[in-house]
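Worksheet: one structure, shown below.
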Amino acid sequence: MSAVDLTCRLGPLTLPNPVVTASGTFGRGDEVARLGDPAKLGAVTAKSLSHFSWEGNPAPRVWEATAGMLNSVGLQNPGVEAWLDHDLPPLLARGARVIVSIWGRSVDDYAKAAAALVPALPRLTAVEVNVSCPNLEARGHMFAADPEATAAVVVATREQFPAEVAVFAKLSPTVTDLVAVADAAVAAGATGLTLINTVLGLAIDAETRRPRLGAGGGGLSGPAIKPVALRAVADVAAALPGTPIIGTGGVRTGLDAVEMLLAGASAVGVGTATFFDPRAAEHVVTGLARWCADHGVARSADLVGGLQW
């Protein structure tokens, strides 16, 4: 396996391998990183931050579903400035390459969150703009539901940064035309895309006749959504060739990562699997290398976009 080159080129970024942790699944700082070695991963994506602190949704927030998990955490976070002071340093001290994710209720919120990150940019690998979380507001308020709204957020974020800063727009599969939204994000200045976020879902307690989650509905993640993620990545990659994509959704094994790369992703996000095993992303790196070695693939990057219809 040591002969396999796992180097990942994600637009202007070069990572040691294509496996990153997904936002919202690896904690804010080093609470999960201390259980493994984040330096072995391509990068770590922190939980989405706003320019203000936010308590998130009422409990219960998580429900184990068939082949996955339903969550409605609601983007709880301490705010960008507190995160920079308290959570980023220990994560960097463990050797992690950090992608920071931001969110907001308005375009101006995104701009303020991005502006607050500027002093820390030399310590960050990239910025993810989460326009797609379904757990805070009704889906009609999700920026990723509309190409123009997505573009407005990307423009407002991009304006805060030097041109060389990599910005990835995280999009939702629960939209009318994902390719149109992806195209708008890239045209507005996104370096690349993170595909996908969770899929809207609902769990019901038949005894109480009420939703299982405190906020009502939530987002479904895990193995159940991998086919949705693969289709989203393949469709967008075909429509926007050359666009760097972080393929996320249901990745648990090296083989899952291979499939995501073949669909057109340049890198692979590991999320829900981390709740079952804090070292899941490390195992995906090892599994990807082993699959490549067993199949005579010298460079994992050669798999990108290799799907033959």
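The values are calculated or read from the model by the stated rules, or taken from the named source; none is laboratory data. The model shown is predicted, which means the values in this text are computed figures rather than measured ones. Don't worry about glycine lacking a Cβ; one is built from the backbone with ideal geometry, like all the others, and counts go over all protein chains shown.
Being of a type outside the set (Lys, Arg) and over 20 Å from the mean Cα position of the chain (by Cα) narrows it down to one of Glu148, Glu128, so name that one. Glu148 is the lone residue from the list that is of a type outside the set (Lys, Arg) and over 20 Å from the mean Cα position of the chain (by Cα).
Taking residues in region 191-219 that are under 10 Å from Ser72 (Cβ atoms) and free of Cβ contacts under 8 Å to residues at least 12 places away in the same chain, and partners anywhere that are surrounded by fewer than 20 Cβ atoms within 10 Å (Cβ to Cβ) and of a type in the set (Asp, Glu), the pairs with Cβ atoms closer than 9 Å and at least 6 places apart or on different chains are Pro211/Asp205. Per the listing Val118, Val131, Val153, the residue uniquely touching a residue at least 12 places away in the same chain (Cβ under 8 Å) and either in contact with a His (Cβ under 8 Å, 6 or more places away or on another chain) or surrounded by fewer than 18 Cβ atoms within 10 Å (Cβ to Cβ) (or both) is Val118.
With respect to the conditions (1) over 19 Å from Asp302 (Cβ atoms); (2) free of Cβ contacts under 8 Å to residues at least 12 places away in the same chain, Gly242 lacks only one, and its number is (1).
A Cβ distance below 7 Å, combined with a sequence gap of six or more or placement on separate chains, defines the contacts here; from region 283-309, residues that are outside any helix (DSSP H, G or I) reach residues that are at pLDDT 95 or above and polar (S, T, N, Q) in the pairs Val304/Ser266. Counting only strands (runs of 3 or more DSSP E) wholly contained in region 26-101, the ones carrying 1 or more residues that are under 16 Å from the mean Cα position of the chain (by Cα) occupy 43-45, 68-71.
Of all the criteria given as (1) of a type in the set (A, V, I, L, M, F, W, C); (2) part of a helix (DSSP H, G or I); (3) touching a Ser or Thr at 6+ places or on another chain (Cβ under 9 Å), the one not satisfied by Ala120 is (3). On the stretch given as region 1-30, residues that are closer than 16 Å to Ser101 by Cβ and among the charged types (D, E, K, R) total 1. If the condition is being among the charged types (D, E, K, R) and surrounded by 20 or more Cβ atoms within 10 Å (Cβ to Cβ), then region 168-207 contributes only Lys170. The residues on offer are Phe161, Phe168, and the sole one that is aromatic (Phe, Trp, Tyr) and in contact (Cβ under 8 Å) with a residue 60 or more places away in the chain is Phe168.
Quick one: what pairs do we get from region 260-276, first residue without any contact (Cβ under 8 Å) to a residue 40 or more places away in the chain and under 16 Å from Gln308 (Cβ atoms), second not in a helix (DSSP H, G or I) and not acidic (Asp, Glu), C-beta under 7 Å, 6+ apart or different chains? Qualifying pairs under 7 Å: Met260/Gly247; Met260/Val251; Met260/Val268.
Filtered by the rule that a residue be of a type in the set (D, E, K, R), part of a helix (DSSP H, G or I) and crowded, with 19+ Cβ neighbours inside 10 Å, region 226-265 gives Lys226, Asp256, Glu259. Can you tell me which residue in region 216-225 is farthest from Thr194 (Cα to Cα), limited to those that are surrounded by fewer than 21 Cβ atoms within 10 Å (Cβ to Cβ) and out of contact with any Lys or Arg (no Cβ under 8 Å at 6 or more places or on another chain)? This residue is Gly216.
The number of residues in region 170-214 that are in contact with a Gly (Cβ under 9 Å, 6 or more places away or on another chain), in a strand (DSSP E or B) and closer than 28 Å to Ile246 by Cα comes to 6.
Scanning region 1-44 for residues that are polar (S, T, N, Q) and farther than 22 Å from Arg290 by Cα yields Ser23, Thr25. In region 55-90, the qualifying residues are those that are in contact (Cβ under 8 Å) with a residue 24 or more places away in the chain and among the acidic types (Asp, Glu), and the one that is surrounded by the fewest Cβ atoms within 10 Å (Cβ to Cβ) is Glu81.
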